[in-house]
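What follows draws every value from the coordinates through simple rules; no lab data is involved. All values derive from a computational prediction rather than experimental measurement. Reconstructed Cβ throughout: ideal geometry from the backbone, glycine too, with neighbour counts over all protein chains shown.
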Amino acid sequence: MRNVKSTEDVALGIRKRVFEHTIRNNGGYLSQACSAAEQLAWLYHEELNLGAPTLPMIPKPFGGVPSASNPDYHTGAGYNGPATPEHDRLFIAPAHYALVAYATLVEVGRMAPEGLEMFNQDGSSVEMIGAEHSPGMEVHNGTLGIGLSTAAGLAYGRRRRGDTGRTWVFMSDGEVQEGQTWEAVQAAAFHRIDNLCAIMDVNDQQCDGAMDSVMEVGDIRRKFIEFGAHCVEIDGHDLDAMRAAVQEPHEGKPLIILARTSPFHAMPILQERFPRLHYVRFKSEEERARMNVSIADALGVDPVDYAH
């Protein structure tokens with residue numbers, strides 16, 4: 001059946017699912033849902049050319065690591081469809097965005113809602129910090145900064161093989177503090193890997209607080225350009241800006257879209273926690289109840305019933 005949701009509906013649905021999960025479990029990655037929902041909704045609902053999922057709608061338990069004695073091992077990339085020459089591939093570089101990525105898979109019909117209930121459970125493949133066997137994941141990107149390198153290598157190999165599909169990366173701005181990111185851009189520009197595209201959630205936050213309090217990174221758009229990328233900076237909550245950015249010519253260069261976002265977009269009460277927004281665990285039942293009511297009102301839903 002044709003999916004009749006709008007991309008705006010998908011983004012709102014992502015936030016609702018992350019909100020509900022966070023209230024029920026007394027903690028979660030709320031700010032990542034605030035900043036990244038439009039980006040992931042746009043990728044999955046509009047931009048990516050993906051085939052039908054090849055893995056069960058309800059994820060299997062963790063099946064062990066790849067080895068000669070484990071021939072049935074598979075990655076979680078099957079939720080993005082088959083790895084065929086004409087289809088796009090996607091890497092989720094910041095593995096801590098896993099909850100938001102899983103909510104996206106549910107919203108676009110690639111994973112059953114029951115999969116989200118398996119989040120961070122013993123023996124589950126639906127990891128809290130996404131791993132290569134987690135739904136929607138293909139490689140382990142938990143080490144900050146390796147996602148773009150991995151994608152660049154795959155894109156280069158795909159181009160040499162004659163694949164027509166693109167290789168996409170969803171990134172976070174903390175990755176620009178890592179030298180490997182800049183090596184990847186430089187190599188991609190040198191080898192003219194223009195089937196490589198990335199969109200970066202630039203919310204100016206990381207686990208230790210505000211980006212600039214950890215390490216100032218300066219004008220990252222200018223840096224990407226100097227390292228050889230075609231780089232566009234947009235409002236990361238503006239879907240039309242994303243649609244326009246991806247159309248920009250970038251022959252011979254990787255395309256990097258910097259999506260400037262707010263870590264409390266659609267959930268303004270989170271400003272109370274600024275700048276420590278990386279993971280929200282409620283400090284008291286009173287705060288949990290107050291945030292439940294406030295965020296539910298902001299999202300236009302009923303407060304979550306978690307008294308069971």
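Mean residue ellipticity, 222 nm, helices only, the chain: the sum of -39500 (n - 2.57) across DSSP H runs of n ≥ 4, divided by residue count and rounded to 500, is -10500 deg cm²/dmol.
Considering only Met215, Met200, Met128, the mean-square fluctuation computed in a Gaussian network model of the chain, springs between alpha carbons under 10 angstrom, is largest for Met215.
From least to most packed, judged by other beta carbons within 10 angstrom and beginning with the fewest, Thr104, Thr164, Thr22, Thr261 follow the order Thr164, Thr22, Thr261, Thr104. An oblate overall shape is assigned to the chain, the ratio a/c of its alpha-carbon gyration tensor axes (a ≥ b ≥ c) being 1.5 or greater and a/b not exceeding b/c. Quick one: grab the alpha carbon gyration tensor of region 177-277, order the square roots of its eigenvalues as a ≥ b ≥ c, and give me rounded if a/c is under 1.5, else prolate or oblate depending on whether a/b is larger than b/c. Since a/c reaches 1.5 but b/c is at least a/b, the shape of region 177-277 is classed as oblate. The amide H of Gln205, built 1.01 Å from its N in the peptide plane, has Met211 as neighbours under 5 Å, considering only residues 5 or more places off or on other chains.
Assuming R0 = 25 Å, what is the FRET efficiency of Gln186 and Asp212, from their Cβ-Cβ distance, to the nearest 0.05? The calculated FRET efficiency here is 0.55. Gly63 sits among other residues whose Cβ lies under 12 Å from its own Cβ, and their net charge, with Lys and Arg +1 and Asp and Glu -1, is -1. Sorting Tyr102, Tyr44 from the fewest to the most surrounding beta carbons within 10 angstrom yields Tyr44, Tyr102. Of all aspartates and glutamates in the structure, the ones whose alpha carbon falls short of 15 Å from that of Lys253, not counting any fewer than 8 places away in one chain, are Glu183, Asp194, Glu226. Rounded to the nearest 20, the size of the Cβ-charge dipole of the chain about its Cα centre is 580 debye, with Lys and Arg at +1 and Asp and Glu at -1. A straight line joining the Cα centroids of region 1-71 and region 193-236 runs 23 Å.
Once the Cβ-Cβ distance of Asp305 and Ser284 is raised to the sixth power relative to R0 = 25 Å, the FRET efficiency obtained is 0.85.
Pairs spanning more than 31 Å between alpha-carbon atoms, out of Lys60/Lys223; Lys223/Lys283; Lys5/Lys60: Lys60/Lys223; Lys223/Lys283.
Going by neighbour counts of Cβ atoms within 10 Å, the residues Val217, Val108 line up, fewest first, as Val217, Val108.
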